[in-house]
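The structure under discussion appears below in the form of structure tokens.
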Amino acid sequence: MSENSIGTPLSRKLLWLGALPAVVMFITLMGFFTSARLEDARRDLADSNQLLADSLAPSLEYAVVSGNTLALQEILSQSIRYSKADWIRITDVVGEQIGFAPTESKPDIENTGEFQIYQAEILQQPLEFATDRQTLWFEPVPGSNSSALRVGTVEVGVSDKTLEARRNDILWSSLIVGLTLLLFTILVINHILNTILSPINQLSGRIGRLTAGDYRAAKVNGRPNSREIIAIEHQLNELSEHLASLQTSRDQTLALSEHAREKAETASHAKSEFLATMSHELRTPLNGVLGMIDLAQEEPLTSRQRDYLQTARQSTEDLLTVISDILDYSRMDSGALVLEHQIFNLHTLVTNCVASYRHVAEEQGLALTLNFYGDWPETPLVNGDAPRIRQIVACLLDNAIKFTTDGFVNVQLGCFGVEDGCIIINCSVSDSGSGIPHGRVPDIFNSFEQLDAGDNRGFGGTGLGLSLVQRLVELLGGHIQVETNPGKGSSFRFELPLELAPQAKNPIIPEVPALQAELPLSKRALVVEDNLVNQRVAVALLNRLGFQTDAVVNGKEALEQIQTSHSGFDVILMDCQMPVMDGYETSRHIRDWEAASGLGRTPIVALTADVLPETKKSCLESGMDDYLSKPVRKDGLQEVISRWIELS
């Protein structure tokens, strides 16, 4: 940051604070004393010249009365030499000039406006005789002193330039003296300010070094500084010691945290490897046990022996299920679980899975039913991970049968077709069991957690089932939710997007044929989704709504695509969880780029695996405008997009 942008320096402010009163005082005193000196000079000039006129009048009485011109001129010459007058003139009673004495230069006395004239009357005093005779020849002038006779006038002329020259001398001398004193005062003030500000500047530098991380204590010089500055220096030394200790503690904490993180990562990796290894090692002998049980069951057996072998087989299969769950969980935890892609008949897969539990349900007195609804293709061949889908349905069935003692377990499987060879399945497993307390609903998908914990729990198990189901569903690009009514039962429902196999016929969608017609591709959309099946579903739905659609698999590619053709996209569908760059960070980058480029705000619709309040809040805070639960359905997509742009 430049110094000009910080503000006016303190030294300049204090200098103005000290110099401004001095300047005001200087101007005031200069004005007062200069005017006084000017008035004294004017009065001195007037008094001296009037005194000259008054002094010459008695001296010139004899010369004027006797008509002695030489004596008159001599007196005038001597008087003008030692005076400040420019000329002296003598006139008689009728105003005729009888004597004149100028200075060396001959002034123009005709222009009397340029001179100040001081006058005095020349009076002839009467002679006093010792006798009583009267002076008949002496007649006083009317209006004058009865004892004197006016015989002439003395005029002393002083040029206005004389007063002006005196005034200039006074002004210049006052100005020089005043400026000298003012400069001296400013220098003294500046010296005092430097004495005050030098410790402050040192403290500022000290604080700057503390900010930069230099926590060394400074030596306190107490002689030239004030007590306040010394106290601040001591406090800064204490602060530097405290900051140094905090830095040391922070470095130690960071080192311990880094060490703990490395240990935790190592432990997690070791745990995953241990679970995977042990699960594999346990599975091998158990498979041998099951094989031998199968061979033994083929031999002639009594009913008791067959019952023992069936119990052993069921216990072994239960143990295999637990081991498989642990293995799958460890693989997902380490990111090593790879989904398979194979063609299978979805209708047949679910039917066989439900049939495998029919005997167990009948033994508990439960009615197990399976219903299909929706727009199923004639041959429901799909491309996906059949074992994982069967595992999800089987886990939900096992959970429902385990916690239901009377009533029913119902499985419903719906199919909703979309274009571009994709479908969405909606599967629900409902029961009439005890239900789940509403306060425990958020905990049922946690790992190794059961509703009925402790030694007296009513049901066994590891507590991995529902947690594993949730992670598998999300891994396949879908989402799962639960609806429960304590005392009346629960219903688990999940949705998954699947890709139809190439041999499959087009899906039958008879309900809304008018909506299936292709609309003109008048708008552009961008789909940001890492799951290719979900991506294909979203692209197909947007095409049906009249969008020309581009698709990318992560946020980084989306950001590059948007920055190169931002004006072309009318809406963006953004997955929240993606590799490289997730949807939240991508949305923030898009909004920052739009603001910096001065472009309009493009609607961003989040694709979320759930609709929890925390997820909605995170989407909106990151710059998204709306949210849509996966898998994407056409009606829901159309409703959300129509809030932000007008659809054809």
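Scanning residues 5 or more positions from VAL151 or on other chains, those with amide H under 5 Å from its amide H are ILE122, LEU123, GLN124, with H placed 1.01 Å from N in the peptide plane. Model label points for SER642 and PHE274, set 7 angstrom from Cα along the Cα-to-Cβ axis, are 5.7 nm apart. In terms of the mean number of neighbouring beta-carbon atoms within 10 Å, the peptides 582-593, 207-218, 420-431 order highest first as 420-431, 582-593, 207-218.
With 21 Å as the limit, the listed pairs LYS523/LYS634; LYS488/LYS616; LYS556/LYS634 have LYS488/LYS616; LYS556/LYS634 beyond it between alpha carbons. Note that region 588-593 has calculated 3J(HN,Hα) couplings of 5, 5, 4, 5, 5, 5 Hz, one per residue in order, obtained from phi through the Karplus relation 6.51 cos²θ - 1.76 cosθ + 1.60 (θ = phi - 60°); glycine and proline are x.
The distance linking region 524-540 with region 366-438 is 25 Å (Cα centroid to Cα centroid, whole angstrom).
With a cut-off of 11 Å between beta carbons, the residues surrounding GLN548 carry a summed charge of 0, where Lys and Arg count +1 and Asp and Glu -1.
Derived scalar couplings between HN and Hα for region 391-402 equal 4, 5, 5, 5, 5, 5, 5, 4, 5, 5, 5, 4 Hz in order, rounded to whole Hz, by the Karplus curve 6.51 cos²θ - 1.76 cosθ + 1.60 (θ = phi - 60°), x for Gly and Pro. Taking other C-beta atoms within 10 angstrom as a stand-in for reagent exposure, ILE80, ILE343 fall in the order ILE343, ILE80, fewest first.
Net charge near GLY435: determine it from the other residues with C-beta under 11 Å of the C-beta of GLY435, scoring Lys and Arg +1 and Asp and Glu -1. All intermediate terms of the calculation are to be shown ahead of the outcome.
Values: positive: ARG440, LYS488; negative: ASP431, GLU483.
Result for the local shell: 0.
Coordinate-derived values only; no laboratory data. Because the structure is a prediction, the values reported are computed rather than measured. Please note: Cβ atoms are built from the backbone with ideal geometry, for glycine as well, and neighbour counts cover all protein chains shown.
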